[in-house]
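S.K.: If you scroll down you'll find the structure; I have some questions about it.
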Amino acid sequence: MRNIKKEVLKRLCMGIPFGIAIGCVITVFISVGVGDGEYYPYVPALLETAETPIRAVILQTVLCGLLGAVSCAGSVIFSLDSWSLLKQSGIYFLILSAVMLPTAYVLYWMEHSFRGAVGYFAMFVLIFLFVWLSQYIGWKIKLKKMNAKLK
């Protein structure tokens, strides 16, 4: 159990810069999506909540760091061999959802309406499933190759 706590802390610390970097990439996509040739370091609607540009950038940076930290720290669940893959995946999905969806709402990555929230959640689920399936297939191929070498 002590090793798991140490691993969670290590991944938490590694996840902060990872989340901030991903947040920067998201701003590039937002800027391209706006399509006027300008760079937007945050969704324009966030400025109404944050009141100043620097507060908007700080809020987004902090929340992206938190998202990265939780995402990386939560991945330690996949090292719990006593849990089924379904249980690991389900718990990780819930942890990630609990941070991602409020972050996306606060940062205006989703439209602030029921339809916007449902649409964002659906997109989140599809991306999660795509990444999960990619990882699963990748590990299946690696295991198949390892088993072939053993025979």
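The values are calculated or read from the model by the stated rules, or taken from the named source; none is laboratory data. Every value quoted in this text rests on a predicted model; they were computed, and no experiment measured them. In this analysis, Cβ positions are derived from the backbone assuming ideal geometry, glycine residues included, and neighbour counts consider all displayed protein chains. To get the accessible areas, we keep the full protein, side chains included, count just its heavy atoms, and leave off ligands, DNA and RNA. Shrake-Rupley method; radii C 1.70, N 1.55, O 1.52, S 1.80 Å.
S.K.: Give the calculated FRET efficiency between residue 129 and residue 8 to the nearest 0.05, with a Förster radius of 22 Å applied to their Cβ-Cβ distance.
M.R.: About 0.35, to the nearest 0.05.
S.K.: Rounded to the nearest 0.05, what FRET efficiency do residue 55 and residue 29 give with R0 = 35 Å and r taken as the Cβ-Cβ distance? Could you check?
M.R.: Rounded to the nearest 0.05, the efficiency is 0.95.
S.K.: If you count only protein heavy atoms and use a 1.4 Å probe, how large is the accessible surface of residue 4, to the nearest 10 Å²?
M.R.: 60
S.K.: Give me a comma-separated list of calculated 3J(HN,Hα) values for segment 88-99, in order, Karplus coefficients 6.51, -1.76, 1.60 applied at θ = phi - 60°, integers in Hz, x for any Gly or Pro.
M.R.: Listing the rounded values in order: 4, 5, x, 5, 4, 4, 5, 4, 5, 4, 5, 9 Hz.
S.K.: Using a 1.4 Å probe, what is the accessible area per residue for segment 26-82, in Å²?
M.R.: 56
S.K.: Compute the acute angle (0 to 90°) between the alpha-carbon long axis of helix 114-150 and the principal axis of greatest extent of the alpha-carbon atoms of the chain; round to the nearest 10°.
M.R.: 30
S.K.: Starting from the 7 Å offset along Cα-to-Cβ, what nm value, one decimal, do you get for the label separation of residue 122 and residue 94?
M.R.: 2.5
S.K.: Provide the descending list of Cα extents for the chain along its principal axes, expressed in whole angstroms.
M.R.: Ordered largest first, the chain gives principal extents of 62, 33, 29 Å.
S.K.: Next question, about the same structure. Report, to the nearest 10°, how far helix 2-34 tilts away from the longest principal axis of the Cα atoms in the chain, using its own Cα long axis and a range of 0 to 90°.
M.R.: Computed tilt is about 40 degrees.
S.K.: Now for a different question. Would you kindly state how much longer the chain becomes between residue 38 and residue 86 on full extension, computed as 0.36 nm times their sequence separation minus their alpha carbon distance, in nm to one decimal?
M.R.: 12.9 nm
S.K.: Then there is this: Just grab the label-to-label distance for residue 111 and residue 144, each label 7 Å out from Cα along the Cβ direction, in nm (one decimal).
M.R.: Reported label-point gap for residue 111 and residue 144 is 4.2 nm.
S.K.: Roughly how tilted is helix 53-74, in degrees to the nearest 10 and between 0 and 90, from the longest Cα axis of the chain?
M.R.: Value to nearest ten degrees: 10.
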